[in-house]
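> Below are the structure tokens for one structure; questions will follow.
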Amino acid sequence: MRRASSCVVVAACLLAAATASLRAAWSQPASSPTASASLDYDFFKTKVQTVFLARRPGHARCVVCHTFNNAAFKLVPLSPGSTTWNEEQSRRNFELVKRVAMPGFVESKLVKHPLAEEAGGDPHHGGAQQFASQQDPDWLTLKAFVMGEAAK
């Protein structure tokens, strides 16, 4: 009986400590980059979508796989004969990309997943690692978008 009551006391103390920590965290103003960053539609439309359409040696274009795959990241198919998306399609793509682009979070799937593992990316991307380094201009565009850069 003593052992059971000791366990209850320990559990109650842990619960109280966790509750106090959560209250303190919730009462603090958010200071992370996520709190101030937002995804800019115009930057997405003019800069990010071009990354999805770009040809990179040894790789399929993002648009080729991400219009029909079963991954979290999807793109609207291009209209027949088109080389880019129209306004309505771009707006839909912007909504779809929000599934993998957390504002202010450089570890977002949109940024990390296509990056080579040796450069800090995920160990597997079905379309292979599109970007060999964090210095790749297209990768830097994705990062800038997620970090809240706005179109100029």
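The values are calculated or read from the model by the stated rules, or taken from the named source; none is laboratory data. Because the structure is predicted, anything quoted here is derived from the model rather than measured. Positions of Cβ are backbone-derived with ideal geometry, glycine not excepted, and every protein chain shown enters the neighbour counts.
> Going by the structure shown, is Ala72 farther than 27 Å from Glu149 by Cβ and at pLDDT below 85?
Details: farther than 27 Å from Glu149 by Cβ: no; at pLDDT below 85: yes.
So Ala72 fails the test.
> If we keep just the residues of segment 33-51 that are within 16 Å of the chain's Cα centre (by Cα) and over 19 Å from Val106 (Cβ atoms), which is surrounded by the fewest Cβ atoms within 10 Å (Cβ to Cβ)?
Tyr41
This table checks each residue for (1) farther than 21 Å from Pro137 by Cα; (2) small (Gly, Ala, Ser); (3) at pLDDT below 85; (4) assigned to a helix (DSSP H, G or I).
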{"position": "Arg3", "(1), (2), (3), (4)": "yes, no, yes, yes"}
{"position": "Gln49", "(1), (2), (3), (4)": "no, no, no, yes"}
{"position": "Phe52", "(1), (2), (3), (4)": "no, no, no, yes"}
{"position": "Gly58", "(1), (2), (3), (4)": "no, yes, yes, no"}
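Condition check ((1) among the aliphatic types (A, V, I, L, M); (2) crowded, with 19+ Cβ neighbours inside 10 Å; (3) touching a residue at least 40 places away in the same chain (Cβ under 8 Å)) across all residues:
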| site | (1), (2), (3) |
| --- | --- |
| Leu53 | yes, no, no |
| Arg61 | no, no, no |
| Asn70 | no, no, no |
| Phe73 | no, no, yes |
| Gln89 | no, no, no |
| Pro103 | no, no, yes |
| Glu117 | no, no, no |
| Gly148 | no, no, yes |
